[in-house]
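Everything below concerns the one structure shown next.
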Amino acid sequence: QVQLVESGGGWVQFGGSLRLSCAVRGSISRFNAMSWYRQVPGKERELVATITDGDITNYADSVKGRFTISRRDNAWNTVFLQMNSLKPEDTAVYYCHADVTLVNVGRLRDTWGQGTQVTVGS
């Protein structure tokens, strides 16, 4: 199957930066899309950023111009979320999400990591 392991969360002061990483493990024949979501208690999980197999990126309006999603050069084994100019409202648990096709299995549209906490102090 597919395993996603996030890292890079933590506490940062208002205006600071963090880079999240998502390590992808599995017998993957195709990466259809990789995304980052976030969730705060009592609210629905929201899409933050997506990168497709054509390296097309999309962002939530709230993070455009501040966050950048990318993948390791010439590889899909790690996906990053660079977060700059962080605000207290960016505080959330951030989750990595994969839509991939596995060798001899087929497409798995919904695989999630365990989440990593990001806290932005005011």
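All of the numbers you see were taken from the coordinates with simple rules; none came from a lab. Here the structure is a predicted model, which means the values were calculated and not measured. Ideal geometry is used to build each Cβ from the backbone, glycine not excepted, and the neighbour counts take in all protein chains shown.
Would you mind calculating the relative contact order of the chain from Cα pairs under 8 angstrom and at least 6 residues apart, reporting the percent as a whole number?
Working: 312 pairs, mean separation 44.0, N = 122.
Computed value for the chain: 36 percent relative contact order.
Of the residues ILE51, ILE28, ILE69, which exhibits the maximal mean-square fluctuation in a Gaussian network model of the chain defined by a 10 Å Cα contact cut-off?
Checking each option, the largest mean-square fluctuation is seen for ILE28.
Looking at the square roots a ≥ b ≥ c of the eigenvalues of the Cα gyration tensor of the stretch 5-122, which shape do they give, rounded for a/c under 1.5, prolate if a/b is larger than b/c, or oblate? It would help to have the intermediate numbers written out before the result.
Values: a/c = 2.06, a/b = 1.81, b/c = 1.14.
Prolate, since a/c reaches 1.5 and a/b exceeds b/c.
For an R0 of 30 angstrom, estimate the FRET efficiency from the Cβ-Cβ distance between TRP11 and ILE56 and round to the nearest 0.05. Spell out each step's value before the answer.
Working: r = 32 Å, r/R0 = 1.07.
Calculated value: 0.40.
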